[in-house]
Each structure stands twice: as structure tokens, then as C-alpha cells.
Amino acid sequence: MKPVREVPEGHRFCADCGTVRPVAEFPRNRADRTGYATYCKPCHNSRTKEVRQRLYGGSREYHLRRRYGVGQKEFDELLAEQGGVCAICGGADPQHLDHDHRTGWVRGILCFNCNGGLGQFRDSPMRLARAITYLRGTTWQRALIHPGVYQMCSPTRGRPPSPRS
């Protein structure tokens, strides 16, 4: 028969390292009736790392497989097809796998900025087209309306400088 452990209120016993710790040092777990995991955070993290290493060869492979359904090998092949550069800007050493948020399909490998830019435009071709139109046509310019007095105007908005300003 196992000896009964004295565990103070607000504490838990970690079965891995054999210590009694405050519940704040245990990760949350809704599956357990107490609401906390069996192992303390350091033990939980080391076990998780060991499992990812054993089953997937590392955290990167685990992340790629779980999130996108491809591994590091497929990532490397896609990057080679792109010539080793970002699919949008052509920058060196892209590390972000881009995917369609609706379908989950992988589109390409992008640099941090290009991947973030697509995300900011919510993967919308319409928003991107409007942004391109905006960039091409709304360069504000200083117009001299009186010696030493300038007014900002945009050629595409049809607002010539007012002579009365």
C-alpha cells in the first residue's frame, strides 16, 4: 500500500520530480477534475520536449506537421522550387509558411514582413488591389499658393490648390 502524502491546501504533488509545489506552478488542464496537470511546469515542459523530439525530430517539424500538414523536408523542397527566396519580395532566407486561411492549403514560403503584410490585408485580393491603387495615386504634393505659403494637395483627388487660401 502506498504511503499517504500530506499535501497542503493550494498545493499539488508532482509525480515526476516528487515535489510538492503550489498549484500556480502546474499548467492548467481541463481534463483533470482538479483543473491542473499532473506534472509541474518544468517537468511538463521537459516531457513535452522529449515527446516532440522522439516522435517528430524537433519542435519545428511538430509545428509544421500539426499546423500545415507538411514537414521540414517538404518545406525545404518548396523553398528550393522558389529559388531559396521569399515568394513575394525575393528576399533571402524566408522562414514563414504561408497558407490560405479558408482552405488551409499551403501557398508558399515568405519572409516575416510579406507574411505579416498578407495577414494585415486579411488575405483579401480586393484589399490588396485597393492598396496598390492607393499607393499609385495618392502622392501628396506641396503646391505653392503664395510666396512662402504651401498647401498639400493630391493629384488624383482632384483638389487643386485653392487660390484664396
For the pair R67 and K41, the simple spin-label estimate (label points 7 Å beyond Cα toward Cβ) gives in nm 2.2 nm
Explain nothing, just the number: relative contact order of segment 8-56, from Cα pairs under 8 Å at least 6 residues apart, as a whole percent. 28 percent
Can you give me the angle between helix 125-137 and the longest principal axis of the chain, using Cα atoms only, in degrees from 0 to 90, rounded to the nearest 10? 40 degrees
Selected from P8, Q53, V23, residue furthest toward positive end of dipole (segment 8-56; charges at beta carbon): Q53
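Only Cα pairs under 8 Å and at least 6 apart count here; give the relative contact order of the chain as a rounded whole percent. Mind dumping the intermediate values first?
Numbers: 170 pairs, mean separation 13.8, N = 165.
Taking the mean separation of contacting Cα pairs over the length of the chain, I get 8 percent.
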Along the dipole axis of the chain (charges at Cβ: +1 for Lys and Arg, -1 for Asp and Glu; origin at the Cα centre), the most positive-end residue among W105, C153, M126 is C153
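For every helix of n ≥ 4 consecutive DSSP H residues, a contribution of -39,500 (n - 2.57) applies; sum these over the chain, divide by its total residues, and give [θ] at 222 nm rounded to the nearest 500 deg cm²/dmol.
Numbers: 5 runs with 58 residues, N = 165.
Taking each H run of at least 4 residues, the total per residue is -11000 deg cm²/dmol.
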Helix 59-68: inclination vs the chain longest Cα principal axis, degrees, rounded to 10, gives 60 degrees
Given 37 °C and 0.692 mPa s, how large is the Stokes-Einstein diffusion coefficient of segment 8-56 in µm²/s, with Rh as the Kirkwood radius over Cα pairs? 292 µm²/s
On Cα atoms only, tilt of 41-56 relative to the major axis of the chain in degrees: 80 degrees
Give me the extension gain from W105 to T19: residue separation times 0.36 nm, minus the current Cα-Cα distance, reported in nm with one decimal. 26.4 nm
Distant-in-sequence amide H partners of R107 (H built 1.01 Å from N, under 5 Å): D98, H99, D100
Could you tell me how far the Cα centroid of segment 1-46 sits from the Cα centroid of segment 78-155, in Å? 49 Å
Output for segment 1-79: trypsin sites (Lys or Arg not before Pro) sitting in coil per DSSP, at most 15 other Cβ within 10 Å, listed by number, reads R5, R30, R33
Label selected from (i) 49, 37, 33; (ii) 40, 33, 32; (iii) 97, 45, 28, the criterion being Cα extents along the principal axes in Å as computed here: (iii)
Virtual spin-label span in nm between S59 and R5, 7 Å along Cα→Cβ: 2.7 nm
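Bear in mind these aren't lab numbers, they're just calculated from the coordinates by the rules spelled out. None of these values were measured; they are calculated from a predicted model. Note that we place each Cβ from the backbone using ideal geometry, even for glycine, and neighbour counts take in every protein chain shown.
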